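The values are calculated or read from the model by the stated rules, or taken from the named source; none is laboratory data. Predicted, not measured: the structure shown is a model, and the values here were computed from it. All Cβ positions, glycine included, derive from the backbone under ideal geometry; neighbour counts span all protein chains shown.
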Amino acid sequence: MSEIDVIRQIAQQVLCVPTLAGIKDNWLWDRTLRILRNVEHICRMPELTEKNVPVERFCLITATYFADAGFAHYADAEDMSARLVLADISQTDLRDFSTQVVTDKLSGALAGPRIDKINQIIVESSNRFTEMIEAMILSDARNLEDMGVVGLFNEFRRYAIHGKGVSDVLESWRRKVDYRYWQARLKESYRFESVRMLAERRFGATEFFMNQLDVEHAARDLEELLLESMDKAAIK
């Protein structure tokens, strides 16, 4: 088994959290694999390859595996209140928890300098002014996760954990639109132009979905159907 395979195995064990039902909650692992795919593709973007920018791939991939490990490490299978808190954990706390997990879980598998580099990538990935290339890649990969239909899925999951419904989701969406939250995210959250452009396309798909959700929630399509039927009946 290769070194990265060992890391992957450890990460999967950490990120698959047991539940009260005795099954594994694999949401974090699924999310991590998706972000990892983002990372791998961003590494092959012309913005990096044409400039021969050196990237420490092993440390970057390992940092990706453990960037969200703080969620799993502090999730108590028997304490739902802890999970509710984790759903809204701050980015600062998440970074701190995740780097603790890296140190605790990988100390026997990797040398100290590599662990330090991995933790530095995780910490710097939340610094929008960082010049650390691995952190920039991880940051864009994670921010892309918030855009598009996948981003909506993650948002819906968080609302469901808190017992919220469709009306709450729509109200939050409207507030973010009114305050130009998404425009700010698109402008400020991406270090690579090609990734930002993709995020814009994904956001367009999100808008379409949310508009349809608003229509169905208010039953406006059913109302229009009823009016059409009444108009046809009046003509007859």
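Among the residues of segment 26-69, just one is out of contact with any helix residue (DSSP H, G or I) (no Cβ under 9 Å at 6 or more places or on another chain) and hydroxyl-bearing (Ser, Thr, Tyr), namely 49. Looking only at residues in segment 9-50 that are surrounded by fewer than 20 Cβ atoms within 10 Å (Cβ to Cβ) and either hydroxyl-bearing (Ser, Thr, Tyr) or in the same structural domain as residue 193 (by TED's automatic domain parsing) (or both), the one that is nearest to residue 141 (Cα to Cα) is 49. Looking across 192, 203, one residue alone is touching a residue at least 12 places away in the same chain (Cβ under 8 Å), aromatic (Phe, Trp, Tyr), in contact with a Gly (Cβ under 9 Å, 6 or more places away or on another chain) and not assigned by TED's automatic domain parsing to the domain that holds residue 34. It is 203. Consider segment 141-169 and keep the residues that are over 12 Å from the mean Cα position of the chain (by Cα) and outside any helix (DSSP H, G or I). The one that is nearest to residue 214 (Cα to Cα) is 165.
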